[in-house]
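Undergrad: The structure under discussion is supplied below as structure tokens; questions concerning it will follow.
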Amino acid sequence: MIVTFRCFPRERSSALTRFQSLLGVGGMGEVYRARDARLNRTVAEKILPPRVAADSGRRGRFEQEARAASALNHPNILTVYDIGEQDGVAYIVSELIEGESLRDSLRRGPLPLSKLLDLSGQAAAALAAAHAAGIVHRDIKPENIMITRDGRAKILDFGLAKQVSSAAAAADETRTVTHTSPGSVIGTAAYMSPEQIRGDAVDHRSDIFSLGLVLYECITARQPFQRATSVEMMTAILREDPAELPETVSPALRPIVWHCLEKEPDHRFHSARDLAFALRTVSAVPSRASGTVAAIPAPRKRRIWVVILGALAMLLLALALVRIFEVEPIDLARYRLTPFATDREPETDGAWSPDGKSIAYLKTVDGTPQLMVRALDAPAPVQLTKSEAPVSQTFWSPDSSLLYYVLRAGGGEVWAISPAGGQPSRIFAGGLTSASISPDGKILAILEFHSEGARMRSSVLISSPPGAAARAYKSAPFERAEVSPSNRIAFSPDGASILLTAGNNSTEIWLLPYPDGGAPPHRLFAKDDLGLAAKASWLPDSRHAILALSPGLAGAPDLWLADLKNERGRKITSGILGYDDPSASPDGHRLVFTAVQNDYDLIQLPLAGGPPQILAANSRNELSPSWSPDGNQLVYSTDRTGQREIWMRNSKAGIDRPVVTPREFPPGTTTALADPVFSPGGERFAFVRYSTDEPGNHMGRARGRRRAGAPHA
């Protein structure tokens, strides 16, 4: 039975709302299921009755929640539709979440690994969006994370802490105050960070600690600092470490949890975005019976590059690598993946120092790649170059005292600089694209390309000592017309060979003996379609190498472990990301590489002039927008829930919602929904559906077909 408690007049911005049932009552008000008559949708409405609103502390926290939540637009954060006051009653109208809380789920026991990684990754992405907007939640706990029926995590109660009387205080009590200045304590005892308990000023890293506590509980179904009283619990958080995680926990997940739970904020993940990325690297680990998914190509890409320090648990090379191609597929769950550099700017081309203490890499600064270096025990990198010309392809001197790099100026130049900084010096100038130094530091091998009429030609030059006039490498069957600035050259650790990756639309890998003039160069994997290859990294035995390959040009590159003697290889990465720029540590036990992820945002550019305006931006893709003729609606494609769907944005209210999803078609048949376009009158829109139920499919990708959809919000 529907009972009408009250009706708001039409002047209210969210139109007529009719209460249907009571959902819950708490210290901060009452929550009702209601019906929005104008938009014909069911919503949740939280009200703060006058008797509660008379408490200035509760009223302030209620208003803080409304302001914080309404300022955020993210699929994993509760969407606020309307806020206001009517007849002395403050209200918040939000989306109604059909599902259960994470707390309800945990009452049934620990979460399966796949579900844990999915939900925690969504929660971390939501916190990253909130932190980017300058909002710190301060009360992350299982009660404040809802799970929708379709498996989406939703964070609730931003800026809200529930107040209970001292008589009712228990292990999960929430302490509240009327302000959040240093010296105050706010949060739920079991999920407070150390700095919250001490009453210190808190920032986004406090939420990371709290989410780490939730992660621990999702794994074990128990709170990490469970004690009889709140005081004992908070004391344990300050002074003790949680019990060890079960041995069955994935080795890739274990360090992520401990990294969240560091007592000192500086020692935790630097951002929730870093945490979300680390969780994605675990979720990208394939099972032994994993399948493949064909990606839908897009016309333009903005790439976010992230350098990752992968502490790969490789077996000793002398014992394991010879037989690695004879055993079952490599189990990435044995690896520990640690984010190393995760700024929004492109970060690529990591290079491990020969002493194993530092990693150099390239970072785009103000649109130009610059050379960075960071010691493994240092919290932040140091920028070494401030060049107007782009920096590329960095490598170390054998004693780690110098960093070499290629400067894309004057046709290509090799420069050197101390990792401590200072004035760089030019070593070699010419039309070069890559260079490498011998293990004894006496020989500089150079890959040069130049034009001969309408054709491009590549050559390998030898400069000894480095900087001296160069001579051509003798016997050069690898010289060819098809070259690319991404081609690479690298001396082997024993100095007896030079590895060359050459080509443009397809890759050739050559092994060049050194000294030259004796045995001829040998082309490796000549019968294989290697796709695109950029960088290769030798392993210490001078027999094996890590290659970045995308065979057949299919999808993003993956890392491959290659036996160059027997010309066999095995893929060691797989997932939604691309993996590139490998560099093995001197002992061969760890690897630094670049992870690549596409990211599209919706940006509005006023034609009359003015700066661009971001309409929708997060860690997922929003693309192919189409305005309605009246300019009030924007329909677009997004994969924020996993598969590509069609969503609509109300430009005035700033509200986004799905309008066409794969669930509207036969299960398992729709791979993507894309390219929506409004009709001239704005009554309908058309879109393309990629599916598996079309004749003549290949790799699960179907011809696009159009279907009409209703555009009304």
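The values are calculated or read from the model by the stated rules, or taken from the named source; none is laboratory data. Predicted model, so just to flag it, every value in this text is computed and none were measured. When we count neighbours, we look across all protein chains shown, and the Cβ atoms used for this are built from the backbone with ideal geometry, even at glycine.
Undergrad: Which pairs have Cβ atoms under 8 Å, sit 6 or more apart or on different chains, and link a residue in segment 528-545 that is assigned to a loop (DSSP other than H, G, I, E, B) to one that is of a type in the set (A, V, I, L, M, F, W, C) and at pLDDT 95 or above?
TA: Short answer, once both residue conditions are applied: SER542/ALA496.
Undergrad: Filter segment 214-254 for residues that are hydrophobic (A, V, I, L, M, F, W, C), touching a residue at least 60 places away in the same chain (Cβ under 8 Å) and touching a Pro at 6+ places or on another chain (Cβ under 8 Å); which is farthest from ALA272 (Cα to Cα)? Give the derivation first.
TA: Step one: filter segment 214-254 for residues hydrophobic (A, V, I, L, M, F, W, C), giving 214-215, 218-219, 221, 225, 228, 231, 233-234, 236-238, 243, 245, 249, 252-253.
Then drop every residue that is not touching a residue at least 60 places away in the same chain (Cβ under 8 Å), which leaves 214-215, 218-219, 221, 233, 252-253.
Filter again for touching a Pro at 6+ places or on another chain (Cβ under 8 Å), leaving 214, 218-219, 221.
On the way: VAL214: 14, CYS218: 18, ILE219: 19, ALA221: 23 Å.
Going through the qualifying residues, I end up with ALA221.
Undergrad: Return the residue satisfying two criteria in turn: it lies in segment 341-391 and is among the acidic types (Asp, Glu) and not in a strand (DSSP E or B), and of such residues it is modelled with the lowest pLDDT.
TA: Keep residues of segment 341-391 that are among the acidic types (Asp, Glu), which gives 343, 345, 347, 349, 355, 366, 377, 388.
Subset that is not in a strand (DSSP E or B): 343, 345, 355, 366, 377, 388.
On the way: ASP343: 77, GLU345: 82, ASP355: 94, ASP366: 90, ASP377: 83, GLU388: 92.
Applying the filter and picking the extreme gives ASP343.
Undergrad: Would you mention how many residues in segment 220-238 are surrounded by 15 or more Cβ atoms within 10 Å (Cβ to Cβ) and either small (Gly, Ala, Ser) or over 16 Å from PHE209 (Cβ atoms) (or both)?
TA: Qualifying residue count, segment 220-238: 4.
Undergrad: Test of understanding: among ILE655, ILE646, which residue is in contact with a strand residue (DSSP E or B) (Cβ under 8 Å, 6 or more places away or on another chain), surrounded by fewer than 22 Cβ atoms within 10 Å (Cβ to Cβ) and not assigned by TED's automatic domain parsing to the domain that holds GLN122?
TA: Values: ILE646 fails: surrounded by fewer than 22 Cβ atoms within 10 Å (Cβ to Cβ).
Matching residue, one of ILE655, ILE646: ILE655.
Undergrad: Another question about this same structure. Can you name the residue in segment 614-668 that is in a strand (DSSP E or B) and among the aromatic types (Phe, Trp, Tyr) and is also farthest from ARG280 (Cα to Cα) among such residues? It would help to see each step written out before you state the result.
TA: Step one: filter segment 614-668 for residues in a strand (DSSP E or B), giving 614-616, 622-627, 633-638, 644-650, 655-660.
From the residues that got through so far, the ones that are among the aromatic types (Phe, Trp, Tyr) too are 627, 636, 647.
On the way: TRP627: 33, TYR636: 25, TRP647: 24 Å.
Filtering segment 614-668 for residues that are in a strand (DSSP E or B) and among the aromatic types (Phe, Trp, Tyr), the one farthest from ARG280 (Cα to Cα) comes out as TRP627.
Undergrad: Tally time: how many residues in segment 669-693 are assigned to a loop (DSSP other than H, G, I, E, B), polar (S, T, N, Q) and modelled with pLDDT under 90? Can you show your working first?
TA: Looking only at segment 669-693, we keep the residues that are assigned to a loop (DSSP other than H, G, I, E, B), and these are 669, 679-684, 692-693.
Going one step further and asking which of them are polar (S, T, N, Q), we end up with 669, 679, 692.
Then drop every residue that is not modelled with pLDDT under 90, which leaves 669, 692.
Of the residues in that region, 2 qualify.
Undergrad: How many residues does segment 343-375 hold that are over 13 Å from SER583 (Cβ atoms) and surrounded by fewer than 21 Cβ atoms within 10 Å (Cβ to Cβ)?
TA: The qualifying residues number 14.
Undergrad: Looking only at segment 376-390, count every residue that is in contact with a Ser or Thr (Cβ under 6 Å, 6 or more places away or on another chain) and crowded, with 21+ Cβ neighbours inside 10 Å and tell me the total.
TA: Kept after step one, since they are in contact with a Ser or Thr (Cβ under 6 Å, 6 or more places away or on another chain), are these residues of segment 376-390: 390.
When the remaining residues are screened for being crowded, with 21+ Cβ neighbours inside 10 Å, the result is none.
Residues in segment 376-390 being in contact with a Ser or Thr (Cβ under 6 Å, 6 or more places away or on another chain) and crowded, with 21+ Cβ neighbours inside 10 Å: 0 in total.
One line per residue, one yes/no per condition, for (1) within 15 Å of LEU72 (Cβ to Cβ); (2) in a loop (DSSP other than H, G, I, E, B):
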| position | (1), (2) |
| --- | --- |
| SER105 | no, no |
| GLY109 | no, yes |
| LYS115 | no, no |
| GLY121 | no, no |
| ALA124 | yes, no |
| ALA129 | yes, no |
| ILE135 | yes, yes |
| ARG138 | yes, yes |
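Undergrad: Would you check if ILE446 is modelled with pLDDT of 95 or more, closer than 27 Å to SER358 by Cα and surrounded by 20 or more Cβ atoms within 10 Å (Cβ to Cβ)?
TA: Working: modelled with pLDDT of 95 or more: no; closer than 27 Å to SER358 by Cα: yes; surrounded by 20 or more Cβ atoms within 10 Å (Cβ to Cβ): yes.
When the stated conditions are applied, ILE446 does not pass them.
Rundown of residues vs (1) touching a strand residue (DSSP E or B) at 6+ places or on another chain (Cβ under 7 Å); (2) at pLDDT below 75; (3) farther than 30 Å from ASP639 by Cα, yes/no style:
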{"site": "GLY29", "(1), (2), (3)": "yes, yes, yes"}
{"site": "GLY57", "(1), (2), (3)": "no, yes, yes"}
{"site": "GLU63", "(1), (2), (3)": "no, yes, yes"}
{"site": "ALA69", "(1), (2), (3)": "yes, yes, no"}
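Undergrad: Have a look at GLY199, GLY121 and point out the one that is surrounded by 19 or more Cβ atoms within 10 Å (Cβ to Cβ) and at pLDDT 80 or above.
TA: Working: GLY199 fails: surrounded by 19 or more Cβ atoms within 10 Å (Cβ to Cβ).
On inspection, the qualifying residue turns out to be GLY121.
Undergrad: Among the residues of segment 84-110, which ones are among the small types (Gly, Ala, Ser) and under 36 Å from the mean Cα position of the chain (by Cα)? Break it down stepwise before answering.
TA: Our first condition is that a residue be among the small types (Gly, Ala, Ser); within segment 84-110, this holds for 84, 88, 90, 94, 99, 101, 105, 109.
Result: SER94, GLY99, SER101, SER105, GLY109.
Undergrad: Tell me, which residue of segment 250-266 that is hydrophobic (A, V, I, L, M, F, W, C) and assigned to a loop (DSSP other than H, G, I, E, B) is modelled with the lowest pLDDT?
TA: Initial filter on segment 250-266 (hydrophobic (A, V, I, L, M, F, W, C)): 252-253, 256-258, 260-261.
When the remaining residues are screened for being assigned to a loop (DSSP other than H, G, I, E, B), the result is 252-253, 261.
On the way: ALA252: 77, LEU253: 87, LEU261: 94.
Filtering segment 250-266 for residues that are hydrophobic (A, V, I, L, M, F, W, C) and assigned to a loop (DSSP other than H, G, I, E, B), the one modelled with the lowest pLDDT comes out as ALA252.
Undergrad: Another question about this same structure. Taking segment 357-399, which residues are without any contact (Cβ under 8 Å) to a residue 24 or more places away in the chain, under 24 Å from PRO586 (Cβ atoms) and touching a strand residue (DSSP E or B) at 6+ places or on another chain (Cβ under 9 Å)?
TA: Within segment 357-399, the first condition is being without any contact (Cβ under 8 Å) to a residue 24 or more places away in the chain, and the residues that meet it are 363-370, 375, 377-378, 380, 383, 386-390.
After this cut, where a residue has to be under 24 Å from PRO586 (Cβ atoms) as well, the list is 363, 375, 377-378, 380.
Listed by number, the residues that qualify are LYS363, ALA375, ALA378, ALA380.
Undergrad: Which number in (1) in a strand (DSSP E or B); (2) closer than 22 Å to ALA276 by Cβ; (3) aromatic (Phe, Trp, Tyr) marks the one condition that TYR600 misses?
TA: Condition not satisfied by TYR600: (1).
Undergrad: Restricting attention to segment 495-538, which residues are more than 23 Å from PHE449 (Cβ to Cβ) and modelled with pLDDT of 95 or more?
TA: GLY495, ALA496
Undergrad: Evaluate the following for THR594: is it crowded, with 20+ Cβ neighbours inside 10 Å, among the polar types (S, T, N, Q), modelled with pLDDT under 85 and not in a loop (DSSP other than H, G, I, E, B)?
TA: Numbers: crowded, with 20+ Cβ neighbours inside 10 Å: yes; among the polar types (S, T, N, Q): yes; modelled with pLDDT under 85: no; not in a loop (DSSP other than H, G, I, E, B): yes.
Here the answer is no, as THR594 does not meet what is asked.
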